[in-house]
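The values are calculated or read from the model by the stated rules, or taken from the named source; none is laboratory data. Note that this is a predicted model, so its numbers are computed, not measured. Heads up, the Cβs are rebuilt from the backbone with ideal geometry, glycines too, and the neighbour counts pull from every protein chain shown. All accessible areas refer to the heavy atoms of the entire protein, side chains included, with ligands and DNA or RNA removed. Shrake-Rupley method; radii C 1.70, N 1.55, O 1.52, S 1.80 Å.
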Amino acid sequence: MMESATTQSPVASEVFALVALFVISVIVLLILRHYLPLRTTPAYLLVPIFFALCLPASMVLLVPIDLASSAMVDDIDARGIWLERGPLRICWRIAYWLTFCLTWFIIPILGEYSDSGYRDPQAKFRDSLRANAQYYAVVFGSGFIGLLYVLWSYGGFSESLKSTVMALAYCWGLILAIYLMGHGLVAIPRRLFRNADISGRLRRIQTQAPKVYDQMEDAQMNLDDLEMQVAELSKRSKTGTAKNFQDWIEELVDLTNIPESQLANTSGAVRGSGEYIRTKLPTVITEKYMADLTRQLIRAKHARSRYTSDWNRLLHDAVRTQAIIDSVASKRLDFGVPSPNSGFWDRHSPLTPYTRFLYHYYVLPYFNLAFGGLLALASACIVWSEVVKGIFPVLSVIRYSVVHHNVGDKGQIGLAGQAIAALWMVYMCAAALISITEVKVWRGRALVRRNTAPESAFWYASQVARLSVPLTYNFMTFLGVVYKDTVFYDFLGQLINLTPLGKWFDYLFPALILVPVCFTLFGLYGKIQRALGFGVDVLDTLESDDEFGANFGTGTWREGRDLIERELNGSSAAIRGGRRPHYTDLSSPSQPRAAPILTIRANSTPYPLPGNPTTPIATSPNLRPLANTSARRVGTASRQVTLASEDDDENFFEALGHRLKNTIDTIDKPKWLTDIPKPKWMGGDNSGAGSGGNGNENFSDIRRWFGGGAGGGGGSSSGGGGRIRL
């Protein structure tokens with residue numbers, strides 16, 4: 001019987017694997033088409049991102065095949081889809097090493113290359129290598145510590161250096177994967193439960209509206225700041241050192257939205273919105289300054305596109321949700337004429353108004369509840385299996401759902417077990433990947449429909465590739481001794497267990513998934529944030545007369561409701577003030593979008609006008625604040641508190657970093673300490689010709705090691721300007 005089993009040809013399984021791989025490739029192409037314009041996107045961006053998504057997705061196919069191929073039993077029909085060990089080893093090597101190279105070398109270099117502001121490809125490549133040199137210094141420094149540990153444990157390398165590098169890369173990826181997956185295992189079911197409540201969904205949308213609208217306005221004003229620099233630079237393009245970059249400056253002018261008639265009048269005035277023109281170009285225009293300005297301008301345009309897309313999506317969701325609620329009386333639901341950007345289902349829906357009402361008001365909410373309950377149960381099983389696999393592996397729930405029959409020391413995995421294993425892996429990967437878009441630890445990257453920034457696309461693709469191998473192997477450890485017979489264990493698992501620390505790390509560290517799970521489930525992020533003084537939830541509760549004011553919002557849901565209504569009625573410009581005052585020049589009428597401006601950013605104290613250090617903004621002649629109807633003031637006259645959102649744009653980690661930075665910056669330092677120049681690798685001033693007090697030329701400081709610095713995606717204000725928040 002065993003000889004007949006080993007001589008069985010896996011032709012049918014090979015055909016199925018090829019068809020499944022083709023389907024995966026088509027799905028990846030559709031995902032790329034959704035976020036990137038395929039016709040205009042260069043090949044150096046599309047090809048690496050395609051493989052960075054396709055190879056991790058193929059591991060979801062390889063793991064069930066590897067499990068069934070290793071659990072060889074006499075019954076040929078009970079194997080499911082299987083392949084011989086030789087082709088399986090080749091597939092694993094191709095998938096792993098291509099993913100490894102994409103994650104650690106190709107995508108980081110290409111990502112910085114696409115983000116570089118230089119025009120010449122060689123200069124862009126050098127800039128990319130310079131930016132990644134700091135990243136590789138941290139990576140190789142951490143790897144060197146791991147190599148010393150292996151050398152100390154064994155007195156030498158019993159395996160090759162390659163094997164040690166593979167194990168260290170896995171451990172780093174597992175740390176990130178466990179944190180992200182723990183957050184997603186709670187976030188996904190909770191989102192489904194919340195969406196089942198239609199009225200609650202509308203309140204959440206209304207509460208998010210002020211924050212999203214402010215982000216869109218800030219992105220537009222940041223872009224205006226940079227366009228102002230370009231407009232001022234264009235006036236000097238035929239004189240001085242700017243003459244050497246005349247073609248470059250003309251290309252930047254083409255990227256802006258400034259009319260030709262307004263290029264001549266770009267400074268020295270105050271706009272009606274209370275924003276002050278302030279441009280300060282360097283005396284000497286250098287190539288580095290031009291590259292930095294180009295990078296910031298492109299980032300700012302993508303940031304505006306991102307927040308505009310968020311605002312339009314919020315309006316779309318608000319209109320549809322309100323229509324569902326309003327249809328209760330008539331039992332007829334009609335969303336109107338679908339827009340050109342609507343999905344296929346919206347444009348070709350076979351539903352009548354009555355069946356559409358039943359579908360959206362009854363079917364979808366109950367489906368969300370049922371599916372959310374199922375995913376909550378799956379999340380509990382995954383967390384339980386992570387906790388017990390290192391101590392009592394026989395208690396793993398996932399093990400018994402995949403391995404249905406035990407034949408001696410081996411487990412029998414059939415077609416049903418393979419399908420269940422694939423579903424488990426898909427859910428674990430989805431939980432980890434959805435957290436990347438929800439946990440705002442990294443600089444402002446985002447996926448935007450048909451307009452994702454190239455650097456953001458590279459970064460998200462690298463995260464998918466980085467998390468795939470740790471999640472794959474972590475899932476296989478749920479299955480007990482069965483996974484030790486697989487080709488993947490021979491290829492990677494033995495290297496992870498090379499040292500006692502690696503073995504215990506692989507078994508016990510995943511139990512720390514309870515930390516992000518508890519933090520997300522019980523809202524500990526917000527509670528710690530408020531305990532450290534970053535939030536005002538108590539004041540928000542006192543001001544609110546319902547649950548939504550206590551749990552959500554930059555402002556209240558009523559403010560968001562009014563904002564959405566006025567936006568839909570075409571009068572949202574009347575409430576630009578939001579929760580902070582803007583200032584109007586009474587001496588001249590407000591104009592349409594004229595030359596963009598530079599603004600000043602601060603926290604709460606009125607700052608003097610540029611060039612007039614003794615005149616506060618609030619008491620400047622010809623200026624008065626617009627009505628600020630949505631700001632709520634609590635406490636005595638000497639203390640004004642503007643209520644912020646628990647889910648504001650800055651999360652706990654960002655707020656903590658900013659609070660520590662502001663505290664350190666305000667400490668009175670002795671003169672001998674302030675005279676010490678800050679080194680360039682810490683973001684010090686690149687003094688020299690062309691800096692001119694710009695303050696934005698250091699794009700390769702230490703913050704970029706961790707994804708910060710240089711105003712990621714949002715186009716930080718430059719040229720010595722910023723915006724005052726009161």
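General observations
- Selection within the stretch 322-339: residues that are in contact with a Lys or Arg (Cβ under 9 Å, 6 or more places away or on another chain) and open to solvent by 100 Å² or more (accessible area, probe 1.4 Å). The member of this set that is modelled with the highest pLDDT is ARG332.
- Residue in the stretch 407-428 that is modelled with pLDDT under 90 and crowded, with 23+ Cβ neighbours inside 10 Å present: yes
- Restricting the search to helices (runs of 4 or more DSSP H) fully inside the stretch 32-117 and requiring at least 1 residues that are buried (at least 19 other Cβ atoms within 10 Å of the Cβ) and among the acidic types (Asp, Glu) gives 43-70, 107-115.
- VAL26 being more than 23 Å from the chain's Cα centre (by Cα) and either open to solvent by 40 Å² or more (accessible area, probe 1.4 Å) or aromatic (Phe, Trp, Tyr) (or both): yes
- Summed over the stretch 255-279, residues that are modelled with pLDDT of 75 or more and under 14 Å from LEU226 (Cβ atoms) total 4.
- Filtered by the rule that a residue be under 28 Å from the mean Cα position of the chain (by Cα) and surrounded by fewer than 14 Cβ atoms within 10 Å (Cβ to Cβ), the stretch 368-399 gives GLY373, LEU374, LEU377.
- Any chance ILE382 is in contact (Cβ under 8 Å) with a residue 12 or more places away in the chain, assigned to a helix (DSSP H, G or I) and closer than 29 Å to ILE175 by Cβ: yes
- Residue count for the stretch 303-318 under the criterion of being open to solvent by 70 Å² or more (accessible area, probe 1.4 Å) and either in contact (Cβ under 8 Å) with a residue 60 or more places away in the chain or not in a helix (DSSP H, G or I) (or both): the result is 0.
- A Cβ distance below 8 Å, combined with a sequence gap of six or more or placement on separate chains, defines the contacts here; from the stretch 16-31, residues that are free of Cβ contacts under 8 Å to residues at least 24 places away in the same chain reach no residue that is open to solvent by 80 Å² or more (accessible area, probe 1.4 Å) and of a type outside the set (Ser, Thr, Tyr).
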